[in-house]
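Peer 1: Quick one: the structure is below, questions incoming.
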Amino acid sequence: MRKFAILAGTAALAGCNLAPTYRPPVAPIAPTFPDATTGARAAADIGWREFFGDARLQALIAAALANNRDLAQSVARVAQARAQYRIQDGARLPQIDVQAGASRTRTPLNSLAFPSSGTGTGDTDSPTSFTLNQFSLGVAVTSFELDFWGRVRNLSEAARREYLATVEAERAFRLSLVGQVAATYLQIRAGEEQIALAERTVTGRREGLRIARKRMDAGVTSTVDFDQAALLVTQAETELAELRRTTAQAENLLTVLVGGPIATTLPAPRPLSDPAIYANVEPGLPSALLVNRPDILQAEQRLRAANANIGAARAAFLPTISLTGLLGFISPALGSLISGDSLQYRGAVDINQPVLTWGRGAAGLRLTKAQRDELVAAYQRAAQEGFREVADALVARRRYAEQIAAQGRAVDAQRRLTRVARLRYDNGLSIYLEVLDAERNLFTAEQQLLTLRSAQLQSEVSLYIALGGGLKETAAG
């Protein structure tokens, strides 16, 4: 009965944990999103292959997830954290070493102090040296800490949570990479459409310049009209050069994101005006962000690690109890090594109780608590940032639709004004400056409409990423 009580008490001590009970911090965000819509699927349920309907974009994202060098570094950091956790977790179990040895010692007899026989004579047949053989075999436990206060267990838990935090960081990078590739691709496609518009405009204005030269040479118009027509051409050529520059730079960035040039032929892209270029998503409730966004989950895992470190710091005030032991055999003859007469064992208990640390222990505990408080704020900040990103994308979804509708009406009106200005000039009712202003304004309005459509697509991608989607690889359809 007494032994049973001792074992029960030891087990109770072994189960002691001085870490505070973890409670998720309250996320200071609103219960609903502004401008939220309903009726579509949640982003977390839609894989990136299903969300992006453009086959070329799907191929680019797949290449980036396979070959991006920054992502490879992130994956390596996960492996490092996992190994570090395994190292720390191994301290919870005793290290058992197998030890075996053999030795042979020869000692001259004249170096040994033997009592005199009193006869004054020696035996000439006596040996001149003493030989000792010794063989040993056993297992040993080296300094295993009995984790009565949960110190080792909490250190292991902290390492595990840090490992899980790196896993979430890697997921967050994957999510960001998907968004970066999609945004850069859409920028390139929009640039290509704007380049096509600028090229058509340059072609038309060069034709207008040719006609203006003929009219000037025929004496119908002055050099002022010719110079104004030349200004229209240079404006379009300047805009075309700028669009080609920014689009080429975006293509260079996309090459880096996907990990290098793609050798295979890419599928044909969808037009940006195709509604099936992306799927519609529902924002849901803000509380879903806490379980879907990897950056918020990363902040929570780090907070849990800090919570476990508090338990380890508290246990540092209490005594540590370590065991060492050896069980095996030792014999002067190899044949009789493993026998009952050769059995040997040795055990030791080491108890270490801090007495005077000059405040280091208390400072260590205050440090872990301060780190926990910092990570609480970091978790709440991550939740707020996630809420803001979703709210911004939802506002953009609605307002871009309104802007595009208004800009479309503006383009139609500007086209009518340009036709009227051209007719008035051809009939001698106005100067060429009126045509110049009308065509310049039309070109600007058409470019602005393309820019707004591209921004609307970008905002849909931002909403999808902000909601934590993009990591599943479900097939399209």
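The values are calculated or read from the model by the stated rules, or taken from the named source; none is laboratory data. In this text the structure is predicted, and so the values were computed from the model without any measurement. Positions of Cβ are generated from backbone atoms using ideal geometry, with glycine treated the same way; all protein chains shown enter the neighbour counts.
Peer 1: Taking the condition of a type in the set (D, E, K, R), in contact with a strand residue (DSSP E or B) (Cβ under 7 Å, 6 or more places away or on another chain) and surrounded by 15 or more Cβ atoms within 10 Å (Cβ to Cβ), does residue 282 pass? Give the steps one after another, and end with the answer.
Peer 2: Numbers: of a type in the set (D, E, K, R): yes; in contact with a strand residue (DSSP E or B) (Cβ under 7 Å, 6 or more places away or on another chain): yes; surrounded by 15 or more Cβ atoms within 10 Å (Cβ to Cβ): yes.
Taking the combined requirement at face value, the residue satisfies it.
Peer 1: Restricting to the range 196-225, count the residues that are closer than 16 Å to residue 438 by Cα and without any contact (Cβ under 8 Å) to a residue 24 or more places away in the chain.
Peer 2: Total meeting the criteria: 1.
Peer 1: May I pose another question? For the range 2-29, what are the residues that are part of a loop (DSSP other than H, G, I, E, B), out of contact with any Phe, Trp or Tyr (no Cβ under 6 Å at 6 or more places or on another chain) and either modelled with pLDDT under 50 or under 16 Å from residue 145 (Cα atoms) (or both)?
Peer 2: Hits for the range 2-29 are 15, 17.
Peer 1: Can you tell me which residue within the range 31-62, out of those that are at pLDDT 85 or above and among the polar types (S, T, N, Q), is nearest to the chain's Cα centre (by Cα)?
Peer 2: Going through the range 31-62, the residues at pLDDT 85 or above turn out to be 31-33, 46-62.
Checking the rest, the ones that are also among the polar types (S, T, N, Q) come to 32, 58.
Details: 32: 27, 58: 20 Å.
That would be 58.
Peer 1: What are the pairs, 6+ residues apart or on separate chains, where a residue within the range 246-266 that is modelled with pLDDT under 95 has its Cβ under 8 Å from a residue that is surrounded by fewer than 13 Cβ atoms within 10 Å (Cβ to Cβ) and outside any helix (DSSP H, G or I)?
Peer 2: What qualifies is 255/261.
Peer 1: Could you tell me whether any residue of the range 330-343 is buried (at least 19 other Cβ atoms within 10 Å of the Cβ) and over 34 Å from the mean Cα position of the chain (by Cα)? Let's see the steps before the verdict.
Peer 2: Narrowing the range 330-343 to residues buried (at least 19 other Cβ atoms within 10 Å of the Cβ): 331.
If we keep only those that are over 34 Å from the mean Cα position of the chain (by Cα) as well, we get 331.
Yes; the residues of the range 330-343 include at least one that is buried (at least 19 other Cβ atoms within 10 Å of the Cβ) and over 34 Å from the mean Cα position of the chain (by Cα).
Peer 1: Is it the case that residue 258 is crowded, with 17+ Cβ neighbours inside 10 Å, β-branched (Val, Ile, Thr) and either over 40 Å from the mean Cα position of the chain (by Cα) or at negative phi (or both)? Step through it out loud before you land on a result.
Peer 2: Numbers: crowded, with 17+ Cβ neighbours inside 10 Å: yes; β-branched (Val, Ile, Thr): yes; either over 40 Å from the mean Cα position of the chain (by Cα) or at negative phi (or both): yes.
When the stated conditions are applied, residue 258 passes them.
Peer 1: Among the numbered criteria (1) at pLDDT below 90; (2) of a type in the set (S, T, N, Q); (3) within 30 Å of residue 277 (Cα to Cα), which single criterion is violated by residue 430?
Peer 2: The one condition residue 430 does not meet is (3).
Peer 1: Identify, from the list 268, 212, the residue that is assigned to a helix (DSSP H, G or I), among the aliphatic types (A, V, I, L, M) and either farther than 30 Å from residue 392 by Cβ or touching a helix residue (DSSP H, G or I) at 6+ places or on another chain (Cβ under 9 Å) (or both). Write out each step before concluding.
Peer 2: Working: 268 fails: assigned to a helix (DSSP H, G or I).
Only one candidate qualifies: 212.
Peer 1: From the list 249, 235, which residue is at negative phi, surrounded by 12 or more Cβ atoms within 10 Å (Cβ to Cβ), assigned to a helix (DSSP H, G or I) and touching a helix residue (DSSP H, G or I) at 6+ places or on another chain (Cβ under 8 Å)?
Peer 2: Numbers: 249 fails: touching a helix residue (DSSP H, G or I) at 6+ places or on another chain (Cβ under 8 Å).
Only one candidate qualifies: 235.
Peer 1: If you go through the range 425-458, how many residues are more than 17 Å from residue 222 (Cα to Cα) and of a type outside the set (Phe, Trp, Tyr)? So that I can check it myself, show each step before the final result.
Peer 2: Restricting attention to the range 425-458, the residues satisfying the condition of being more than 17 Å from residue 222 (Cα to Cα) are 437-458.
Checking which are of a type outside the set (Phe, Trp, Tyr) leaves us with 437-442, 444-458.
Residues flagged as more than 17 Å from residue 222 (Cα to Cα) and of a type outside the set (Phe, Trp, Tyr) within the range 425-458 amount to 21.
Peer 1: So residue 322 ticks every box in (1) surrounded by 12 or more Cβ atoms within 10 Å (Cβ to Cβ); (2) assigned to a strand (DSSP E or B); (3) out of contact with any Leu (no Cβ under 8 Å at 6 or more places or on another chain) but one. Which box is left unticked?
Peer 2: Residue 322 satisfies every listed condition except (3).
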